[in-house]
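Q: Can you read through this structure? Questions will come right after.
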Amino acid sequence: MIYPIVKFGNPVLEKPAEKVTVFNDELKKLIADMFESMYAARGVGLAAPQIGISRRIAVVDVTFKEDPDAKLVLINPEIIHKEGRHAQSEGCLSIPDFRENVSRAQVATVRAQDVTGKVFEKTGDDLLARAFQHETDHLNGKLYISHISALKRDLIKRKIRKLVKAGEW
Ligand code: NI
């Protein structure tokens with residue numbers, strides 16, 4: 001099932017999501033739906049709050065279907081190590097048609113649980129490190145625009161308000 005993507009302005013995107021404690025078939029189905037919804041939206045990462053579900057679950061595939069092994073499920077993820085800094089253009093499915101340069105750690109290690117509840121750690125660099133940080137932020141109710149200057153953030157918010165008024169958001 002493809003869920004519609006929740007856009008900026010919906011409070012679910014700005015509150016911390018609930019920890020996952022039950023690893024059952026319902027969770028597996030939700031994760032399959034999250035991958036389907038992410039691919040349909042042409043994204044490389046999706047957090048559950050972005051489909052209106054406030055639970056600590058994210059899916060990532062920075063290869064966008066090219067490498068099946070690149071599909072990652074992050075349940076209750078935490079960033080446990082960061083290294084270096086790297087600024088790169090970043091966007092978010094919940095803030096469509098906007099992009100900004102965002103400075104983040106170039107290397108990041110995430111500790112998370114998989115679909116069965118097993119704890120694992122994974123280190124990524126560049127785009128993967130960015131995805132770990134971006135998606136973990138989502139689960140803490142934080143959007144990438146919180147990492148840019150207030151001036152740029154206000155400009156984006158102003159443009160979004162106009163789009164909302166025009167019925168285009
Ligand atoms: Ni996002």
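Q: What lysines sit close enough to Lys157 to cross-link, taking a C-alpha to C-alpha distance under 19 Å and skipping anything fewer than 8 places away on the same chain?
A: Partners found: Lys7, Lys15, Lys142, Lys165.
Q: With each run of n ≥ 4 DSSP H residues scored as -39500 (n - 2.57), what mean residue ellipticity at 222 nm is computed for the chain after dividing by its residue count and rounding to the nearest 500 deg cm²/dmol?
A: Values: 3 runs with 46 residues, N = 169.
The helix-only estimate for the chain comes to -9000 deg cm²/dmol at 222 nm.
Q: Could you grab the relative contact order for the chain? Cα pairs under 8 Å, six or more apart, rounded to a whole percent. Each step should come with its number before you reach the end.
A: On the way: 312 pairs, mean separation 38.7, N = 169.
Relative contact order comes out at 23 percent.
Q: In whole percent, what relative contact order does region 1-91 give with Cα contacts below 8 Å and a gap of six or more residues?
A: Values: 112 pairs, mean separation 24.9, N = 91.
Dividing the mean separation by the residue count of region 1-91 yields 27 percent.
Q: Using θ = phi - 60° and the Karplus curve 6.51 cos²θ - 1.76 cosθ + 1.60, what whole-Hz ³J(HN,Hα) does each residue of region 50-64 get, with Gly and Pro shown as x?
A: Each residue of region 50-64 in turn: 6, 10, x, 10, 7, 10, 7, 9, 9, 10, 9, 8, 6, 8, 6 Hz.
Q: Roughly how many whole Å is it from the C-alpha centroid of region 97-166 to that of region 9-39?
A: Measuring centre to centre over Cα atoms gives 16 Å.
Q: Helix 150-165: angle to the longest alpha-carbon principal axis of the chain, degrees 0 to 90, nearest 10?
A: Taking the Cα atoms of the chain, the angle to 150-165 is about 80 degrees.
Q: Right, something else. In whole Hz, what ³J(HN,Hα) sequence does region 98-114 give by Karplus (6.51, -1.76, 1.60; θ = phi - 60°), x for Gly and Pro?
A: 10, 9, 9, 6, 10, 8, 9, 4, 7, 10, 9, 10, 10, 10, 8, 10, 8
Q: Tell me, what does the Kirkwood hydrodynamic radius of the chain come to in angstroms if you use every pair of distinct C-alpha atoms? List each step's numbers first, then the result.
A: Values: mean 1/r = 0.0616 Å⁻¹.
Across the chain, the inverse of the average 1/r is 16.2 Å.
Q: Tell me which residues come under 5 Å, amide H to amide H, from Glu90 once H is placed; ignore anything under 5 positions away on its chain.
A: Answer set, sorted by chain and number: Glu100, Asn101, Val102.
Q: Which percent, nearest 5, of DSSP beta bridges in the chain are antiparallel?
A: Antiparallel bridges: around 95 percent, rounded to the nearest 5.
Laboratory data are not the source of any read-out in this text; all were calculated from the coordinates shown. On a predicted model such as this, the values are computed, not experimentally measured, just so you know.
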